[in-house]
Amino acid sequence: MIKKITQALFCLYLICQQAVLAESVPRSDAAEALYAKYKQAVLQVRIIDKTSQSKSVIGSGFFISRDGYVISNFHVISDWIYKPERYEIRYLLNNKEEGRLDPVVIDIVHDLALLKADRNSDVWFKLLDRDLIQGEHLYSFGNPHDIGFSIVEGTYNGYLEKSLYKKIHFTGSVNPGMSGGPVVTRQGRVAGVNVSGAGNQLSFLVPSEYVRHLIESSMAPKGKQSFLAMIRDQLLSNQDGYMGELLKRSFNLIALNGYTLPGKLAEFMKCWGGTEKKEKMLYEQTYQICRTEDDIYLSPGQRTGVIEYEHDLYRNGGLGTVRFFALMEEIVNQPKVAGFADEEMVTDYECQTGQVKHEGVKSKLVFCLRGYRKFAGLYDAWMTAVVLADKEEVLQTTVSLLGVSYENAIRFSKAWMERVRWNP
Amino acid sequence: MESLNSHMKELGIIEVLDRYGRVVQRMEISPGETITVGRSYDNDIILDDGYVCPHHVSMIMQGDQLVVKDLESINGISQNKYHFRGETINLASDETFRLGHTTLRYRSATEPLKPTRIDRHLRNSFWTLQNPWLVLIIFTLLMGFILVETLFLQTEKTDSIKTFADSIPIITTIFAWAGLWSLFGKIMIDRFSFWTHTGIFSLANLGFYLSAIILGYLFYAFDLDGAYEPVYVLLVFLIAVWMLYTHLGYSTKYPHRTMLITAVILTLIGAGFYLLETLVADSEFSDTPSYQVLLKAPEFNFVDGEPLDSFFARTEELKKIIDEKVDLESD
């Protein structure tokens, strides 16, 4: 009885304490104020299928000027970019007003688009012109799941450290439909643009500096260029940048049994590995995989701007030499490729096989290439090499380069193979 | 001619067989006619057999049966292990009885004859496939290869029962194939030759397996991976022609030339389907690369291979092919 009374009193104490704590945290009214002030500066961006007159894609956007310039994500309007004859871009305001949007300029690498609305706006956002502070409160606008305009509070948690494409780590919920919406400080200055979420309040923003670059680039005088040509130039220039950087460096090397192999090439690569040996398995596989943490959205079915490589060391565990190599032959002829794409965007792979010898090491080498149908000069390259050295183990090293020029694909693949060594 | 045929239909034939079952003497018998058999020279059929009496039996044809009467002989007569003396027995067509050390067989003239055997020496150089022992050896060898191959595909420790079970569909296919040819043979020339067809199909499959293995090692040894598939397909084509030609040899009466042409045409049809399937597969978009690399133990490889520069210089050709496709799309 005494025990039950003690338990009841303790529960009462906890409830009271929580009530006191809740009362002691000052309720933030910044979200309320921001929403009230800027609700007319946020739009729902809609991609409308002309035939059915129904929404095909929805996202968000925001005015950045009085004269109707709007920022959104490239991935929100990508259907229109590839098939302008089939779709139109429209907007919906908080006050239910609707209208038409026309793309002006895009930044494929950072997933941004600058559009022009068929109206002016009395309310618009200004870009942040200072650095953010870790833990700073940010407010994300958008229209999640087409259920209505919303504002979400979260915090700034720095930039993604291992990303090839700079992004803000935002601890707050960015849901589908909010892409392209602004994320602002308490003062209503745009710190970033919603671009993706990984669930559990883990979301990513395009920093506002890229919005500024995009606006500046739209003002720069230049000849009329199609959006596809714009994307092509941006992708070629981007890959030239990071591939050039990588090729300038001396590759970081790792040792795997008797082999010396390229390891983690840059900070923006994420690497992991392991060994698979189940009780019944008659061989053992040790692998190391490295991949760029981030990629570039190109179309609904295709990502690009990715480097991925994998080393697999297979050791015979009782199969016998003939059987072990029969298995290896089967594995080597089943390619593991990074990146998916559809027929409209890329050609089939064309492959070349051969046997090479470098620094006394013989390898079976396969090099495959496929072209981007809409962006001439860009390719996905895939290479796999099997070192012919030991009869009890087989080393296979595989590289995928998505969205690179032919020259960079060859330079990188050759540099890669030059660093594959066997030191028995 | 018609009257001759009707006369033949009524006749019976009495055949004297030697100890090996070969016919050494034949005599016609008409309905109602009586024929005597014994060692004495006044018999219709005279037997040079010391165990036969001078007048051993008399025989008369009644309807389609032969009535044999023992003439109180010393050793009597026997039929189907039963012995008779001084008695009468009835023989239907194709039945035998024994007197002394001699066997007599009665046959109606309308008794169907066994099918004429085909002389494979004249028609087909693979006549030995009629030998059941050889067929058994070939079939066992094939099963051995299939088991080895099944074993090759297993990368985990498994029960041997599973390995055997995996080969059941293949065995079923072999028998089904042989069965189809047997039925065809039965329709065409009234012969099944099931085991011969099993032998032919098994030998052809052995050829397919061995070709793949030998070519695999040979082409790996000299870095000819690219030529492996076309050469293998050619070999498969030739083996398939031989297989069909031999099947036809055991199931039709066609001359060599007709059989060969038929075999080539059938194989070409098969090859046409394969080609069509390959073309359709090639024309369909694939998100993954397609290639063929031969891989065996390093000690079986006898060439160094080309330098990296040379390999990557060759990739210009790939770029050209792809750029043409992209240009076509742009056009």
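The values are calculated or read from the model by the stated rules, or taken from the named source; none is laboratory data. The model shown is predicted, which means the values in this text are computed figures rather than measured ones. Positions of Cβ are generated from backbone atoms using ideal geometry, with glycine treated the same way; all protein chains shown enter the neighbour counts.
Give B:Thr288, B:Thr315, B:Thr246 a once-over and let me know the one that is within 28 Å of A:Leu401 (Cα to Cα) and buried (at least 18 other Cβ atoms within 10 Å of the Cβ).
One residue alone meets the criteria, B:Thr315.
Would you confirm, using the coordinates I've provided, whether A:Ser363 is among the hydroxyl-bearing types (Ser, Thr, Tyr) and closer than 25 Å to A:Tyr242 by Cα?
Here the answer is no, as A:Ser363 does not meet what is asked.
Being part of a loop (DSSP other than H, G, I, E, B), farther than 25 Å from B:Met143 by Cα and either touching a residue at least 60 places away in the same chain (Cβ under 8 Å) or not charged (D, E, K, R) (or both) is true for just one of B:Asp223, B:Asp287. Which residue is that?
B:Asp223
Tell me, please, whether a residue that is β-branched (Val, Ile, Thr) and either assigned to a helix (DSSP H, G or I) or facing chain B (nearest Cβ under 8 Å) (or both) can be found in the stretch A:311-325.
Yes - at least one qualifying residue is present in the stretch A:311-325.
Identify all residues within the stretch B:54-94 that are surrounded by 13 or more Cβ atoms within 10 Å (Cβ to Cβ) and aromatic (Phe, Trp, Tyr); write none if there are none.
Residue satisfying the conditions is B:Phe84 alone.
Which condition does A:Gln239 not pass, out of (1) more than 23 Å from A:Phe62 (Cβ to Cβ); (2) in the same structural domain as A:Arg130 (by TED's automatic domain parsing); (3) surrounded by 20 or more Cβ atoms within 10 Å (Cβ to Cβ), if it passes all the others?
Evaluating A:Gln239 over (1) more than 23 Å from A:Phe62 (Cβ to Cβ); (2) in the same structural domain as A:Arg130 (by TED's automatic domain parsing); (3) surrounded by 20 or more Cβ atoms within 10 Å (Cβ to Cβ) leaves (2) as the failure.
Quick one: count up the residues across the stretch A:403-412 that are in contact with a strand residue (DSSP E or B) (Cβ under 9 Å, 6 or more places away or on another chain) and either more than 7 Å from chain B (Cβ to nearest Cβ) or surrounded by fewer than 19 Cβ atoms within 10 Å (Cβ to Cβ) (or both).
Going through the stretch A:403-412 one residue at a time, the tally reaches 6.
How many of the residues making up the stretch B:291-306 are in contact with a strand residue (DSSP E or B) (Cβ under 7 Å, 6 or more places away or on another chain) and either over 17 Å from A:Lys364 (Cβ atoms) or free of Cβ contacts under 8 Å to residues at least 60 places away in the same chain (or both)?
Residues meeting the conditions: 4.
Quick one: in the stretch A:243-294, which of the residues that are more than 14 Å from every other protein chain (Cβ to nearest Cβ) and polar (S, T, N, Q) is surrounded by the most Cβ atoms within 10 Å (Cβ to Cβ)?
A:Thr292
What are the residues in the stretch B:271-290 that are in contact with a strand residue (DSSP E or B) (Cβ under 9 Å, 6 or more places away or on another chain) and more than 18 Å from A:Glu329 (Cα to Cα), if any?
B:Phe285, B:Asp287
Where residues in the stretch A:359-402 are in contact with a Pro (Cβ under 7 Å, 6 or more places away or on another chain), facing chain B (nearest Cβ under 7 Å) and not in a loop (DSSP other than H, G, I, E, B), which of them is modelled with the lowest pLDDT?
A:Leu388
Tell me which residues, restricted to the stretch B:295-319, are facing chain A (nearest Cβ under 7 Å), part of a loop (DSSP other than H, G, I, E, B) and under 43 Å from the mean Cα position of the chain (by Cα).
Those that are facing chain A (nearest Cβ under 7 Å), part of a loop (DSSP other than H, G, I, E, B) and under 43 Å from the mean Cα position of the chain (by Cα): B:Leu295, B:Lys296, B:Ala297, B:Asn301.
Output the residues belonging to the stretch A:177-222 that are farther than 20 Å from A:Ile108 by Cβ and at pLDDT below 90.
Within the stretch A:177-222, A:Gly197, A:Ala198, A:Gly199, A:Asn200, A:Gln201, A:Pro221 qualify.
Suppose we filter A:Leu128, A:Leu112 for residues that are in contact with a Lys or Arg (Cβ under 7 Å, 6 or more places away or on another chain) and in contact (Cβ under 8 Å) with a residue 12 or more places away in the chain; which single one remains?
After applying the criteria, what remains is A:Leu128.
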